[in-house]
Amino acid sequence: MRVTRRFWATLGLGGFLTVGALVVAQPLLLVGTAGIGAFILAQQAAFVRTIHQLSDELTIVQSVSPTTVVAGSDVEVVLEVTAPSPSPVELSISSTPPLAAADSGEQRKTQLAVNDDSARQSFRLQWPVAGKYEFNQATVTASGRAGFFETTFSKGSTPTVTVNPRQPRDIHIGLGGSQVAAPFGPQQTNDRGSGFDPAEIREYVPGDPARQIDWKATARMDAPHIRTFEAETNLTTTVLIDHRSSMAMGDPGETKLDYARQVALGFIADAQQTDSPCGLRAVADGGLTVQMLPEARKEYYERLRNTLYTIRTGDGDATMTYTPESTASQAVSTPDQARKRASRLQNESSPFATHLRPFFDSTTQYIHRINEKPLYHTIRTQPPRDPETNIAVLLTDDSNRVELREAVKLARQQYTQVLVFLTPTVLFEPGTLTDVSTAYTRYLDFESFRRDLMQTRDVTAFEVGPQDRLNAVLDSQTASGRANRRASS
Amino acid sequence: MTDRAQLLVGGLGALIVTAGATAATGIPGLLAGVLFTVLWYVLPATYTVAFGQIIVAALLAPTNAALFVLLCEGGLLAVLVSPTLALDQIRFRVLLSVGCAVVFAGGVWILFRWQSSIWLPALILTSSIAVGIYGLHRYDRVLRGVVEVGETS
């Protein structure tokens, strides 16, 4: 219980009368002190009674919706106060959320005026940090109607909010709707060397080391034979993650980029487990934003992970100035090469040249178009040092199919194997599940594109997305097929 | 009860004080009574009562008119409790205010008559009020479970 200025003023008045009584030796002034003191005591006793009754009868509910969110999301908090009878005093009830909640600037308290029996206030809170947070009880501040006293007490429910980190859950990685358990496993090199797994026994040729001669086979065949083994090598993984604007699609914390990031993290963890070198490249709308060459050091894996977490969708700060006409790979025709060839054909008047000229014109435009795409450009201008032991992991979506198709073909020329992880747009677009039949048609289109990518040798294309949404799309088709069969029978 | 009751009781108290002072001292009492009524209308009741008590002590005490003093004290008491008529727990507040005022004033008067000194009643009165206020404060803490068992302060 706290006293107000009015209390002190009234008490001072009583003190003034007391001092006056002592100075002028007049006991009648003490009667005034007695009256004022009695009045204050009566008001205090009434206030104590009221507050005790209120703290018993008042119902305060703090409700939170939703109770589980991802970091950075808003939560709506409703503060409801109910009294069984009209309140005899004015109450100010304020919600006291955990300190971790970010203030949205909205009013967090409500007033229960005299003679009111209910009040309600809703406001939004944001949770930037993951964790489990419990609200404190609401703080009730009551002011006595006589204006001498006020008090504060806590009452009400203490809801809990669980804030999950911004990362996708229930990840589906698969082929044609079927989950694959281990998309990244043992790799064949097709090379011979000093390994443990026997590869073949072949006849000795001059130059082979003598220590490789298999004496038992030599005795059996009556000619010198050597035993070769599968070469052991550390495969280098280069993760190329696309964080262009199209990868921002999806709910907060469950965007295409979030899913792609999870897959990338898995590859980094796998590389760390096998002590294999791993590198990272990130491509934004403006071009290459991250370039980390493959290395196999513990702290380097940590750097890779940290870098992945900092990647956001959009333009990004390009680390490399993007110039489509910069260093061209020998493997692909540049616009200059195309122009040279076309100009050579211009001088020829043979039917062959006449027939071919229009194709060169369109090829020039096509190469121009593709070269301007950041993903393709990055692959073209940043070839691996040792293509034989390099695996490319492309994490992107199906928004830029033409570019992706060409990028995959190019990557296959530069890497021994290409793994493509695609986030289907149909599984991330808001509202797609309202029309599941259309969604299924679009998923089939995506699936056709994915299969098309896999036509290239040593290219494997996987789909990555939320399992529940994929199931919803696939189940709808199963259900409609069943209904059609029932109707036809 | 309403603001009207508050006005009625307070006005009646002011009228009693004015009438008592006028009857006891004539024109000075009337002027003081009118001033008291004006103050009652514009100031909080406790300030008005303090002023009224000064009037009683200054004008009525020298006349030894005990009846008029009692009448004026009754009027002052009415003015003092009148604001509570617009609040909740009216009966509790009025009874406690009047009861405590009578006990305190009676105690002061008895002690003064017994000791013939003003110091002891003044000391006991102020101590009683202070102990009462602090006691209610502690009682409130105990009721709300804020005081730990064995806590001393």
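Structure values in brief
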quantity: When residues of region A:157-182 are limited to those that are assigned to a loop (DSSP other than H, G, I, E, B) and more than 21 Å from the chain's Cα centre (by Cα), the one modelled with the lowest pLDDT; calculated: A:Ala182
quantity: A:Gln26 being within 30 Å of B:Ile110 (Cα to Cα), facing chain B (nearest Cβ under 10 Å), out of contact with any Ser or Thr (no Cβ under 7 Å at 6 or more places or on another chain) and open to solvent by less than 10 Å² (accessible area, probe 1.4 Å); calculated: no
quantity: Of residues in region A:139-171 being among the basic types (Lys, Arg) and within 13 Å of A:Leu54 (Cβ to Cβ), the one farthest from the other protein chains (Cβ to nearest Cβ); calculated: A:Lys155
quantity: Residue list for region A:45-58, filter: closer than 21 Å to A:Thr139 by Cα and in contact (Cβ under 8 Å) with a residue 60 or more places away in the chain; calculated: A:Phe47, A:Thr50, A:Ile51, A:Leu54, A:Ser55, A:Leu58
quantity: Tally, over region A:62-96, of residues that are over 30 Å from A:Ala146 (Cβ atoms) and touching a residue at least 24 places away in the same chain (Cβ under 8 Å); calculated: 15
quantity: In region A:95-115, the residues that are on the phi > 0 side of the Ramachandran plot and surrounded by 11 or more Cβ atoms within 10 Å (Cβ to Cβ); calculated: A:Asn115
quantity: Residues that are hydrophobic (A, V, I, L, M, F, W, C) and under 27 Å from the mean Cα position of the chain (by Cα), drawn from region A:122-141; calculated: A:Phe123, A:Leu125, A:Trp127, A:Val129, A:Ala130, A:Phe135
quantity: Scan of region B:114-129 for residues that are at the interface with chain A (Cβ under 9 Å from one of its Cβ atoms), in a helix (DSSP H, G or I) and either over 14 Å from A:Gly35 (Cα atoms) or open to solvent by less than 20 Å² (accessible area, probe 1.4 Å) (or both), ordered by number; calculated: B:Trp119, B:Pro121, B:Ala122, B:Leu125, B:Ile129
quantity: Pair list, Cβ under 8 Å, 6 or more apart: region A:207-220 residue in contact (Cβ under 8 Å) with a residue 40 or more places away in the chain, other residue open to solvent by 80 Å² or more (accessible area, probe 1.4 Å); calculated: none
quantity: Scope region B:1-25; condition farther than 26 Å from A:Gly12 by Cβ and open to solvent by less than 10 Å² (accessible area, probe 1.4 Å); matching residues; calculated: B:Gly20
quantity: Residue tally, condition more than 12 Å from every other protein chain (Cβ to nearest Cβ), open to solvent by less than 60 Å² (accessible area, probe 1.4 Å) and either in contact (Cβ under 8 Å) with a residue 24 or more places away in the chain or in contact with a helix residue (DSSP H, G or I) (Cβ under 6 Å, 6 or more places away or on another chain) (or both), over region B:26-62; calculated: 7
quantity: Where A:Thr33 falls short, out of the listed (1) among the polar types (S, T, N, Q); (2) within 14 Å of chain B (Cβ to nearest Cβ); (3) open to solvent by 20 Å² or more (accessible area, probe 1.4 Å); calculated: (3)
quantity: Hits in region A:214-251 - residues which are of a type outside the set (Val, Ile, Thr) and within 23 Å of A:Phe462 (Cα to Cα); calculated: A:Leu235, A:Leu240, A:Asp242, A:His243, A:Arg244, A:Ser245, A:Ser246, A:Met247, A:Ala248, A:Met249, A:Gly250, A:Asp251
quantity: Residue check, A:Pro66 touching a helix residue (DSSP H, G or I) at 6+ places or on another chain (Cβ under 7 Å), over 30 Å from B:Leu111 (Cα atoms) and either facing chain B (nearest Cβ under 7 Å) or open to solvent by 50 Å² or more (accessible area, probe 1.4 Å) (or both); calculated: no
quantity: Any hit, region A:428-437, residues being under 27 Å from the mean Cα position of the chain (by Cα) and surrounded by 21 or more Cβ atoms within 10 Å (Cβ to Cβ); calculated: yes
quantity: Residue check, A:Ala38 touching a residue at least 60 places away in the same chain (Cβ under 8 Å) and buried (at least 20 other Cβ atoms within 10 Å of the Cβ); calculated: no
quantity: Selected residue [facing chain A (nearest Cβ under 8 Å) and out of contact with any Cys (no Cβ under 8 Å at 6 or more places or on another chain)] from B:Asp3, B:Asp88; calculated: B:Asp88
quantity: Hits in region A:256-268 - residues which are over 19 Å from A:Asn390 (Cβ atoms) and surrounded by fewer than 20 Cβ atoms within 10 Å (Cβ to Cβ); calculated: A:Gln262, A:Leu265
quantity: Filtered residues of region B:96-108 (kept if more than 23 Å from A:Ile51 (Cα to Cα), within 7 Å of chain A (Cβ to nearest Cβ) and open to solvent by 30 Å² or more (accessible area, probe 1.4 Å)); calculated: B:Phe104
quantity: Residues that are aromatic (Phe, Trp, Tyr) and touching a residue at least 40 places away in the same chain (Cβ under 8 Å), drawn from region A:123-138; calculated: A:Phe123, A:Trp127, A:Phe135
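To keep it simple, each residue is scored yes or no on (1) among the hydrophobic types (A, V, I, L, M, F, W, C); (2) over 48 Å from the mean Cα position of the chain (by Cα); (3) facing chain B (nearest Cβ under 9 Å).
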| site | (1), (2), (3) |
| --- | --- |
| A:Leu22 | yes, yes, yes |
| A:Ala46 | yes, yes, yes |
| A:Arg49 | no, yes, yes |
| A:Thr59 | no, no, no |
| A:Pro98 | no, no, no |
| A:Arg120 | no, no, no |
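The values are calculated or read from the model by the stated rules, or taken from the named source; none is laboratory data. Note that the structure is predicted; figures quoted are calculated from it, not measured. Cβ: placed from backbone, ideal geometry, glycine included. Neighbour counts: every protein chain shown. Accessible surface is based on the protein model in full, side chains and every heavy atom, while ligands, DNA and RNA are left aside. Shrake-Rupley method; radii C 1.70, N 1.55, O 1.52, S 1.80 Å.
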